[in-house]
Amino acid sequence: KHNSQIRAKVRTFIKKVAYALDAGNKEEAQGGFGAMQKMIDQAVSKGLMNKNQAARKKSRFNAQIKAL
């Protein structure tokens, strides 16, 4: 149950950042990105997400935010 809650939060934060990027809202995307990184790192430490997958997601979102 606890793991599914963390996994759901990770997905929620990823969606929030993705929607902000689609809307072209850089400030909202940057704000959500910090929280998203924290949740992804928490999921990696719990073994819910592979560390390489986490690094790839963070890197790609960061590149998209910088491109705005």
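Readers should treat all values here as calculations from the given coordinates under stated rules, not as data from a laboratory. Bear in mind the structure is a predicted one, so any value in this text is a computation, not a measurement. Glycine also receives a Cβ, built like all others from the backbone with ideal geometry; neighbour counts cover every protein chain displayed.
Where does the Debye-calculated log10 I(q)/I(0) of the stretch 2-67 sit at q = 0.13, 0.26 Å⁻¹, using only Cα point scatterers of equal weight, no solvent? Log10 of I(q)/I(0), two decimals: -0.32, -1.09.
Sort 56-64, 25-33 by packing, meaning the average of other beta carbons within 10 Å per residue, with the highest value first.
So the peptides 56-64, 25-33, ranked by packing, come out 25-33, 56-64.
With R₀ set to 25 Å, the beta-carbon distance separating ALA8 from ASN50 gives a calculated FRET efficiency near 0.90. With the simple model of a label 7 Å out from the Cα in the direction of the Cβ, GLN30 to LYS58 spans 1.9 nm. My understanding is that a pair violates if its Cα-Cα distance is over 19 Å; which of LYS46/LYS66; LYS15/LYS57; LYS15/LYS46 do that in this structure? From LYS46/LYS66; LYS15/LYS57; LYS15/LYS46, over 19 Å: LYS46/LYS66; LYS15/LYS46. Report, to the nearest 10°, how far helix 51-67 tilts away from the longest principal axis of the Cα atoms in the chain, using its own Cα long axis and a range of 0 to 90°. It works out to around 10 degrees. For the chain, the longest principal axis of the C-alpha atoms and the axis of helix 2-23 are separated by about 10°.
Peptide packing for 41-48, 9-16 was compared via the average number of neighbouring C-beta atoms within 10 Å per residue; ordered from the highest value, the list is 9-16, 41-48.
With the charge dipole of the chain set up from +1 on Lys and Arg Cβ and -1 on Asp and Glu Cβ about the Cα centre, the Cα lying farthest toward the positive end among the listed residues MET36, ASN50, ASN25 is that of ASN50.
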